[in-house]
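The values are calculated or read from the model by the stated rules, or taken from the named source; none is laboratory data. Just so you know, these numbers come straight off a predicted model, no measurement behind them. Neighbour counts are summed over all protein chains in view; Cβ atoms, including those assigned to glycine, are modelled from backbone coordinates with ideal geometry.
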Amino acid sequence: MTPSPPVVLLNVDDHEAARYARSRILSAAGFRVYDAGSGEETLALVEKHRPDMILLDVHLPDMNGIEVCRRLKKSRQPDSSIMVLQISASALSAAHAKEALDAGADGYLMEPVDPDVLVATVKALLRLHHAEQSLVHTNRQLEIVNKELQRSNQDLQQFAFAASHDLQEPLRTISVFAQLIEQEMKDSLTERQKGYFERVLDGTGRMQALIHDLLAYSQVGREDRPQAVVEVESAVSAAITNLREQLDAAGSQVQIIQPLPSVWGDFTNLVSVFHNLLSNSLKYRKPESAPIVQIEAKRSSPLEWTISVRDNGIGIASQYRQQIFEPFKRLHGAEIPGTGIGLALCQRIVEGYGGRIWVESALGEGATFCLTLRAA
């Protein structure tokens, strides 16, 4: 590993004996020290050696040390400014301390200075300076990332527009003309040819559903709808109403174990969450059993509710508990309908409210989806 370069200090004092003594102390502490005896010499050595810190005496023969500090601080950017430790005789320290700090000095000591105090002060100020520079660098990197994220969001919005129109229009054309051809030639089509048309129409239908779900996923969090108090039971009831036909056809039961709470969120988005969770209970039910879904809420903290949606379906193997929340992740292929967006959409909505969603399940033993929401 390459050793770090030594910290460079500029020791400024017009009193030669004091300057020499201070340099010996600092050099013994491992610093590289350059000496100056005047303001002009200080400014020249700053440009030559680029020191990390200047120990600056207030009284210099050609200009006031406070004025030297002011010039140094004014000529540099805040993130690259040299640290200045102002030093003054004790008789004048009270008058000069405020003036020095107002001029931009990072610290102030009055003579005589104990050697250990001097070294400790220098090291402390250097650590502070390093932390400030790291913070500036981090903020700059964050700005870059934010700009990239904004560009990415703009690209996603443009894609969403294309998905809502440019991509769906050709699919509609294919579907319409395929149906027209099938109708005109239905008397002369063989069974194999009819199967071809069915596959074309099925493929365009699935592609349209995929584009629709992808568009919905891309728009989560972009509606600019303010959060409000939402009655969870009302959102669940709306989701049940939307799925009433499918639930009745499967003989499903949706049981609300106890009155559900009020939370902060958006009604439409929360309806979408429960719609997807209930829809999953239908898709992944056991063939020999009618789906039973139980919904309940528990207070997980004074500020938060945990809402669970438990079903008696086929369950999920432990290695897939995280993967199922990825967009387009489908564990059962085409044998079970869907686009693989539903749970990703739920996660994006819940996390957008500062909550989280996870699943507790074992293969063959049903699944319990848990989500946390901020209490109203």
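Considering each of Ser279, Ser272 in turn, give the residue that is closer than 23 Å to Phe325 by Cβ, buried (at least 20 other Cβ atoms within 10 Å of the Cβ) and among the small types (Gly, Ala, Ser).
Of the residues listed, the single one that is closer than 23 Å to Phe325 by Cβ, buried (at least 20 other Cβ atoms within 10 Å of the Cβ) and among the small types (Gly, Ala, Ser) is Ser272.
Out of all the residues in segment 7-25, which are in contact with a Lys or Arg (Cβ under 9 Å, 6 or more places away or on another chain) and touching a residue at least 60 places away in the same chain (Cβ under 8 Å)?
Of everything in segment 7-25, those that are in contact with a Lys or Arg (Cβ under 9 Å, 6 or more places away or on another chain) and touching a residue at least 60 places away in the same chain (Cβ under 8 Å) turn out to be Val7, Leu9, Asp13.
In segment 189-197, is there at least one residue being within 30 Å of Ser4 (Cβ to Cβ) and either β-branched (Val, Ile, Thr) or surrounded by 11 or more Cβ atoms within 10 Å (Cβ to Cβ) (or both)?
Looking for residues that are within 30 Å of Ser4 (Cβ to Cβ) and either β-branched (Val, Ile, Thr) or surrounded by 11 or more Cβ atoms within 10 Å (Cβ to Cβ) (or both), one finds none in segment 189-197, hence no.
With a cut-off of at least 1 residues that are at pLDDT below 85, name the helices (runs of 4 or more DSSP H) lying wholly within segment 1-111.
65-74, 93-102
Only one of Gln208, Gln193 is farther than 15 Å from Ile307 by Cβ and in contact with a Lys or Arg (Cβ under 8 Å, 6 or more places away or on another chain); which?
Selected residue: Gln208, the only one of Gln208, Gln193 that is farther than 15 Å from Ile307 by Cβ and in contact with a Lys or Arg (Cβ under 8 Å, 6 or more places away or on another chain).
If I ask for residues that are in a loop (DSSP other than H, G, I, E, B), of a type in the set (S, T, N, Q) and touching a residue at least 40 places away in the same chain (Cβ under 8 Å), which ones from segment 288-325 would you list?
Asn312
Pairs only if they're at least six apart or on different chains, beta carbon under 6 angstrom, first in segment 264-277 and in the same structural domain as Trp358 (by TED's automatic domain parsing) and of a type in the set (A, V, I, L, M, F, W, C), second outside any helix (DSSP H, G or I) and crowded, with 21+ Cβ neighbours inside 10 Å; list them, first residue then second.
Going by the 6 Å Cβ cut-off, the qualifying pairs are Phe267/Val230; Leu270/Val230; Leu277/Val309; Leu277/Phe369.
State yes or no: is Gln141 more than 30 Å from Leu210 (Cβ to Cβ), modelled with pLDDT of 85 or more and either part of a helix (DSSP H, G or I) or not assigned by TED's automatic domain parsing to the domain that holds Gly104 (or both)?
Yes: the conditions hold for Gln141.
Kindly provide the set of residues from segment 267-282 that are within 16 Å of Ala250 (Cβ to Cβ) and either more than 33 Å from the chain's Cα centre (by Cα) or of a type in the set (Gly, Ala, Ser) (or both), ordered by number.
Within segment 267-282, Ser279, Ser281, Leu282 qualify.
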